[in-house]
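The values are calculated or read from the model by the stated rules, or taken from the named source; none is laboratory data. Here the structure is a predicted model, which is why all the values come from computation and not from measurement. Positions of Cβ are backbone-derived with ideal geometry, glycine not excepted, and every protein chain shown enters the neighbour counts.
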Amino acid sequence: MKERFQTKDTLTTSDLRQMEVIDIAEGKRLGFISDIIFDDDLKRIESIVIPPQNSFLFIFKKKDEIQIRWNQIKVIGVDVILVDTSTKNANDEKDKTL
């Protein structure tokens, strides 16, 4: 399996929030992480949340946010996170039963 992280061994949430998220499927800048969703039962990150790019001072509706599942993250680099939003979440239900 190809290594997902191309930076130091550990990252903080502050590190992640400073990295721009880019969708490799559409070649589009999505923005910066505003939140991280953690599954307490499974003890792992489920997804990252990105506010809409046109939100002013983070005033937006929850339905407008972009949620990227952890399995859609392809590379976490030095200053950018590459994601593939075309990746289907077929393993989501299987993962929850582990």
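Scan segment 48-70 and give yes if some residue there is of a type in the set (Gly, Ala, Ser) and modelled with pLDDT of 90 or more, otherwise no. No, segment 48-70 has no match at all.
Check segment 90-97 and report whether any residue there is of a type in the set (Asp, Glu), closer than 21 Å to ILE22 by Cα, surrounded by 14 or more Cβ atoms within 10 Å (Cβ to Cβ) and modelled with pLDDT under 95. Within segment 90-97 (the criterion being of a type in the set (Asp, Glu), closer than 21 Å to ILE22 by Cα, surrounded by 14 or more Cβ atoms within 10 Å (Cβ to Cβ) and modelled with pLDDT under 95), the answer is no, since none of the residues qualifies.
So which of ILE76, ILE45, ILE22 ends up being modelled with pLDDT of 95 or more and within 12 Å of the chain's Cα centre (by Cα)?
Only one candidate qualifies: ILE22.
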